[in-house]
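Undergrad: My structure is below; once you've seen it, I'll send some questions.
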Amino acid sequence: MDDDLDGAGGEAPESRVRGSNQSGLRAHNKRAVLSLIRRHGRIAKAEIARRTGLSPQTASVIMRSLEAEQLVLRDKPQRGRVGQPSIPMRLNPDGAFSLGLKIGRRSVDLVLMDFIGRIRVREGQNYPYPRLQTILDFVAEAAPKLRSAISSSQAKRISGLGVAMPYELWSWGDEIGAPADSIAEWRDLDIVAALQNVCDLPIYVANDATAACAAENVFGTTQSADFVYFFVGAFVGGGIVMNGDLVSGRGGNAGALGSMPIPREGGGSDQLINFASLHVLEKMFEAEGGDALPIWRGEETWKQFGPSLERWIDIAAYGLAHAIVAASSVYDFEAAVIDGRIPESVRARLVAKTIAAMKPLNRQGLSPIAVEVGTIGASAREIGSASLPFFAHYLLDHRVLFTEGDRLPSVIGG
């Protein structure tokens, strides 16, 4: 992606996928075209030229190059009223692949994702608390399995390993019941260097809640371009999308929603993580003598939580309602999206209870905000992590936070 391409400017290009007609920027132009196709799903060459501002000739040359690289495919011709039929272009699902690793406080998951955001195969493992060697052993065993699930030629198109993990994982040992000496190993860990010992791919790292928000923004079907996002995991985290872009903030700490202060009904306040996190449900159920590990085993196992689950939904909805109203006083978000590592039926009930909990709150002077169920679901962090290599190599959605070994942004994840 480093040859020169020249061309004349087009009319009314889209601001975030504007092509460049200066020489030496072919890679930028190809990323612009791929980003445009990803956003629209299917789009004709003439529309690509118009929206990017590239000349029709330049756009055609880029499209032929992308076809030759097998990154895009021609769709069925569409006939209009006059002239030649247009041929929409779409991303080739087999054009590129990536691995996505989610390191959580209760589980680790590794997925193989194709170029259009579909998870082809996955491996996972639950644990009471994260140990580095456990995770390295898991990656060493699971990554070859995932790579062998596609052909050898497809495996050569794996562009990297994206990693989504909580910020300051080591600081939450008490909340998850981890021994201090075991969780302390994460304090000064270089996770990229550690993973490079078991994986030969380029590695990119993001905060887990940020990655989940990116997945919703890029691969989800949420219609709003301005939304505040909550991901309910072991600890609730979040993200902010404005004008279609994931906002990282001046110091990478935008969307630290888990730290938002929430008033206690009996007086005082606490952080949102102590209302809308799964560790709250864990403690409630264990206090009644139950085994909380089924939280991480799928929808069917949640049926055993009974009254504990209902109480947790009420508590979480109360916290989320206050957080949404507080967030909407800072920016006039169109929607609040609630997703998480929780069954679909529970997410729907949580959203309904949150809407109900917002009704008595004083919202005078605030714009209306819709509360919606996330469209990605429990795999949002894995999909977000797997998308990081695509942003690094193919797309212009550069505001998604990814690094090659830099310190994680200061955001509390789920």
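The values are calculated or read from the model by the stated rules, or taken from the named source; none is laboratory data. A quick note: this is a predicted structure, and the numbers were derived from the prediction, not measured. Here the Cβ positions follow ideal geometry from the backbone for every residue, glycine too, while neighbour counts run over all protein chains shown. Areas reflect the complete protein model, heavy atoms only, side chains present, ligands, DNA and RNA absent. Shrake-Rupley method; radii C 1.70, N 1.55, O 1.52, S 1.80 Å.
Undergrad: Could you go through the range 211-220 and let me know if any residue there is closer than 30 Å to R39 by Cβ and either open to solvent by 40 Å² or more (accessible area, probe 1.4 Å) or without any contact (Cβ under 8 Å) to a residue 60 or more places away in the chain (or both).
TA: Yes: one or more hits.
Undergrad: Quick one: in the range 221-238, which of the residues that are of a type in the set (A, V, I, L, M) and in contact with a Leu (Cβ under 7 Å, 6 or more places away or on another chain) is surrounded by the most Cβ atoms within 10 Å (Cβ to Cβ)?
TA: Per the stated criteria, the residue is V236.
Undergrad: Could you check the range 277-291 and list, in sequence order, the residues that are in contact (Cβ under 8 Å) with a residue 12 or more places away in the chain and closer than 11 Å to S308 by Cβ?
TA: V280, L281, E282, M284, F285, E288, G290
Undergrad: Let me ask something additional. K353 fails exactly one of the following numbered conditions: (1) touching a strand residue (DSSP E or B) at 6+ places or on another chain (Cβ under 9 Å); (2) surrounded by 15 or more Cβ atoms within 10 Å (Cβ to Cβ). What is the number of that condition?
TA: For K353, the failing item is (1).
Undergrad: A further question on this structure: Right, C213: in contact with a strand residue (DSSP E or B) (Cβ under 9 Å, 6 or more places away or on another chain) and farther than 14 Å from G374 by Cα or not?
TA: no
Undergrad: Out of all the residues in the range 322-345, which are within 22 Å of D270 (Cα to Cα), open to solvent by 50 Å² or more (accessible area, probe 1.4 Å) and of a type outside the set (V, I, T)?
TA: The one that is within 22 Å of D270 (Cα to Cα), open to solvent by 50 Å² or more (accessible area, probe 1.4 Å) and of a type outside the set (V, I, T): S329.
Undergrad: One residue is enough: does the range 88-100 have a residue meeting the conditions out of contact with any helix residue (DSSP H, G or I) (no Cβ under 9 Å at 6 or more places or on another chain), surrounded by fewer than 17 Cβ atoms within 10 Å (Cβ to Cβ) and modelled with pLDDT under 90?
TA: no
Residues checked against (1) within 30 Å of A225 (Cβ to Cβ); (2) touching a Leu at 6+ places or on another chain (Cβ under 9 Å); (3) of a type in the set (D, E):
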position	(1), (2), (3)
F285	no, yes, no
E288	no, no, yes
A292	no, yes, no
A335	yes, no, no
